[in-house]
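In what follows, a structure is listed as structure tokens, so that the remarks can point back to it.
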Amino acid sequence: MRRGPKFDTVGGSTTYAVELTRRHSAISLTRQGADSGHLQINLSWRMRSSDFGGRPRRGGLLRNPLQAFKPEPVQGHTQGMVTVDLDLACMYELKDGSKGVVQPLGGLLGEINAPPYVKLSGDDRFGGSSGETIYVNLDHKDEIKRLLVFVYIYDGTPAFDRTHAVVSLIPSNGPRIEIGLDERAPEARSCAVVLIENDSKGHLVVRREVRYVYGFQSELDRLYGWGLQWGRGYKKKAGRA
């Protein structure tokens, strides 16, 4: 019997997640039979009161999945509380040579049924339970060369380790894939989370990156050799509904 990779898992035999870690950093969607349909890439995060009174707890959502629905009670809001606005984004490169980015800044939300076959659902500025989601149309996987999914702190204190952020990849078939962003990276403003590539065997492979940088998109571009031209962008001010 062929043995698969020994990933950390949570859940039952029919609904479970695999955690990509430094030790087990890659998984093939093709071998999982999960390289068709729509792939959802979700960023969820929340600030908790423990972040302001002590060190964050370890363990993550995978080993304690119910913690995602049981935030610690906030004892009081003060001016010293850390606020963070995380954005989910994706650089794409298609096999025809076209390149670009899907992100909230500039309203570059992409297209799902036309190139680049990547679509951002919207912008969550407050760490809501639904977070932000990017959809990838894997029925056009043969036209995709590589996708770099990244997260950046648009506004607020650089504090990835205080947001308890998790990026989840949810294919139409097969296990959910999760990557936690709780490592200490003081002053880092961006993080390359995962790289999705068509390899030489025609397999669609998901590879954990979790590489923190002090700059924004242009620094990630240089790190991965994307070759795009970048300018400064801003969001319109928004309040809670």
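Here is a list: Arg22, Arg46. Which entry is touching a His at 6+ places or on another chain (Cβ under 9 Å), modelled with pLDDT under 95, over 17 Å from Leu204 (Cα atoms) and open to solvent by 40 Å² or more (accessible area, probe 1.4 Å)?
Only one candidate passes the filter, namely Arg46.
Would you check if there is a residue in the range 229-240 being at pLDDT 80 or above, of a type outside the set (S, T, N, Q) and open to solvent by less than 10 Å² (accessible area, probe 1.4 Å)? Scanning the range 229-240 turns up no residue that is at pLDDT 80 or above, of a type outside the set (S, T, N, Q) and open to solvent by less than 10 Å² (accessible area, probe 1.4 Å). Number of residues in the range 173-205 that are polar (S, T, N, Q) and touching a strand residue (DSSP E or B) at 6+ places or on another chain (Cβ under 7 Å): the value is 2. Here the condition is being assigned to a strand (DSSP E or B) and of a type in the set (Gly, Ala, Ser); of Ser200, Ser168, Ser172, it holds for Ser168 alone. Can you tell me which residue is farthest from the chain's Cα centre (by Cα) among those in the range 94-103 that are open to solvent by 20 Å² or more (accessible area, probe 1.4 Å) and at negative phi? Residue satisfying both the conditions and the ranking: Asp96.
The values are calculated or read from the model by the stated rules, or taken from the named source; none is laboratory data. This is a predicted model, so every value here is computed, not measured. Don't worry about glycine lacking a Cβ; one is built from the backbone with ideal geometry, like all the others, and counts go over all protein chains shown. Areas reflect the complete protein model, heavy atoms only, side chains present, ligands, DNA and RNA absent. Shrake-Rupley method; radii C 1.70, N 1.55, O 1.52, S 1.80 Å.
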